[in-house]
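The values are calculated or read from the model by the stated rules, or taken from the named source; none is laboratory data. The shown structure was predicted, so the numbers you read here are calculated from the model rather than taken from an experiment. With ideal geometry, Cβ positions are generated from the backbone for all residues, glycine too; neighbour counts draw on all protein chains shown. Calculation scope for accessible area: heavy atoms of the full protein, side chains included, ligands and nucleic acids excluded. Shrake-Rupley method; radii C 1.70, N 1.55, O 1.52, S 1.80 Å.
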Amino acid sequence: MKTELMPVTAASIALGASLMAEGKLVAFPTETVYGLGADALNGRAVLKIFEAKGRPADNPLIAHISDKSELAPLVARVDERAQKLMDAFWPGPLTMVFPKSELIPDAVSAGLSTVAVRMPSHPAARMLIRALGRPIAAPSANRSGKPSPTTAAHVFEDMEGRIPLILDGGPCGVGVESTVLDLAGDVPTLLRPGGITAEMLREYLPDLAIHPAVLHPLQSSAEARSPGMKYKHYAPNASIVIVRGTPEQIAARYDASVAAGKKTAILCADRAPYGDRFAYELGHDAGEMASRLFAALRAMDDDGIEAAFSEQTPTDGVGLALTNRLLRAAGFQVEEG
Ligand code: TXA
Ligand code: MG
């Protein structure tokens, strides 16, 4: 299959919607990461997503809507908490998990009784949903196990020959996937941190719980509230170690690794303390760091890096999302300087 890469225009959106109406897959930009979309109400089309990504069949997808009014038919009920959160954070990078309605095919919910829904703020995503006239089921548009794509070129790397169309809307602003909040149970639980932070949610949900898997390895797969938690994520070929220490200690680790003959890199806020050592600079603000992390992880593979040492990252605000993704990329290897 030939994969077309087209800038977002009225014509390419119309083409994307007509391909999806025929049951085909289209990759499109959102404010978080690129999505790999299918008509969410067409179970057979949705199954193609799992095939194109190499995604385990038990990992459910997010249904994307273009207007709050499109939520009610997809879910069994919308309680007062969800209503307030929608008013506060939609459109935007917040996904909420609800008890599902009968309209949701099993392929979307992977057999669960719940469905995850979000209303993205990216205009191209909303235009595409509106043009299709149905919700779009979309995971991140990477091959399973690779970092989520934050540019159309990343999507092309992973999906060339597998899908007919990629809509190019430039780099994604947030750069990490949406916050996933489980509202289907009694205690609202943060399953995946993202651009809508725990601090922001707590203003509306004083009893918000943070699932332990956000910052710690899962003890057992029974503990996974989100099937996505069970799977290895975002791992580059390099072994990454997060070093709790000073730049001098990180530089010493780097030097020892180079001396051992390994192509080595540093992940840091600022390259200045590391002289001419090979470093990926993420920036000083957690939001900026989060938006650059996935591109750096992909660059590591392109650059043939075998070992990498990362500075510790913050866990407040968007830092929680950044640290959650970095810990997974590092396979939870955290060591003292
Ligand atoms: O920002 C995003 O959320 C992007 C863009 C494209 O919208 N999408 C995305 O989708 O990251 P995906 O499939 O890569 O991640 C969805 C996560 C997975 O960890 C999945 O297990 C979880 O949401 N999830 C989906 N439905 C769920 C449900 N009913 N209950 C619990 N977790 C669910
Ligand atoms: Mg994903």
**Asked** Condition test on Glu248, is it farther than 22 Å from Gly173 by Cβ, of a type in the set (Asp, Glu) and not in a strand (DSSP E or B)?
**Response** yes
**Prompt:** Could we say that Leu103 is within 16 Å of Gly43 (Cα to Cα), among the hydrophobic types (A, V, I, L, M, F, W, C), touching a residue at least 60 places away in the same chain (Cβ under 8 Å) and away from ligand 1 (no atom under 12 Å from the Cβ) here?
**Reply:** yes
**Prompt:** Pro147 fails exactly one of the following numbered conditions: (1) modelled with pLDDT of 95 or more; (2) surrounded by 24 or more Cβ atoms within 10 Å (Cβ to Cβ). What is the number of that condition?
**Reply:** (1)
**Asked** When you look at Thr151, is it among the polar types (S, T, N, Q) and within 13 Å of ligand 1 (Cβ to nearest atom), yes or no?
**Response** no
**Request:** Could you look through the stretch 174-214, keep only residues that are in a loop (DSSP other than H, G, I, E, B) and modelled with pLDDT under 95, and pick out the one that is nearest to ligand 2 (Cβ to nearest atom)?
**Result:** Ala184
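Each row is one residue, and each column tells you yes or no for (1) out of contact with any helix residue (DSSP H, G or I) (no Cβ under 7 Å at 6 or more places or on another chain); (2) open to solvent by 60 Å² or more (accessible area, probe 1.4 Å); (3) within 13 Å of ligand 1 (Cβ to nearest atom).
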{"site": "Met1", "(1), (2), (3)": "yes, yes, no"}
{"site": "Ser12", "(1), (2), (3)": "yes, no, no"}
{"site": "Ala17", "(1), (2), (3)": "no, no, no"}
{"site": "Glu51", "(1), (2), (3)": "yes, yes, no"}
{"site": "Gly54", "(1), (2), (3)": "yes, no, yes"}
{"site": "Ala63", "(1), (2), (3)": "no, no, yes"}
{"site": "Lys68", "(1), (2), (3)": "no, yes, no"}
{"site": "Ala72", "(1), (2), (3)": "yes, yes, no"}
**Restricting the stretch 212-225 to residues that are free of Cβ contacts under 8 Å to residues at least 60 places away in the same chain and closer than 19 Å to Gly331 by Cβ, the residue that is surrounded by the most Cβ atoms within 10 Å (Cβ to Cβ)** = Ala213
**Asked** Are any residues in the stretch 226-252 open to solvent by less than 60 Å² (accessible area, probe 1.4 Å), touching a strand residue (DSSP E or B) at 6+ places or on another chain (Cβ under 7 Å) and more than 16 Å from ligand 2 (Cβ to nearest atom), and if so, which ones?
**Response** Ala238, Ser239, Ile240, Val241, Ile242, Val243, Gly245, Ile250
**Asked** Hey, among the residues in the stretch 307-332 that are of a type in the set (A, V, I, L, M) and over 12 Å from Thr197 (Cβ atoms), which one's surrounded by the fewest Cβ atoms within 10 Å (Cβ to Cβ)?
**Response** Ala307
**Complete:** Checked the stretch 145-171 for anything within 20 Å of His64 (Cα to Cα) and either within 13 Å of ligand 2 (Cβ to nearest atom) or polar (S, T, N, Q) (or both); matches are Ser148, Pro149, Thr150, Thr151, Val155
**Residue that is nearest to ligand 1 (Cβ to nearest atom), among those in the stretch 127-139 that are open to solvent by less than 50 Å² (accessible area, probe 1.4 Å) and either over 25 Å from Pro56 (Cβ atoms) or aliphatic (A, V, I, L, M) (or both)** = Ala138
**Message:** Considering only the stretch 26-46, I want to know if a residue exists there that is at pLDDT below 95, open to solvent by 10 Å² or more (accessible area, probe 1.4 Å) and among the hydrophobic types (A, V, I, L, M, F, W, C).
**Reply:** no
**Criterion violated by Ser257 - all others in (1) surrounded by 14 or more Cβ atoms within 10 Å (Cβ to Cβ); (2) part of a loop (DSSP other than H, G, I, E, B) satisfied** = (2)
**Message:** Here are the criteria: (1) open to solvent by 50 Å² or more (accessible area, probe 1.4 Å); (2) part of a strand (DSSP E or B); (3) within 24 Å of Thr32 (Cα to Cα). Tell me which single one Arg292 does not satisfy.
**Reply:** (2)
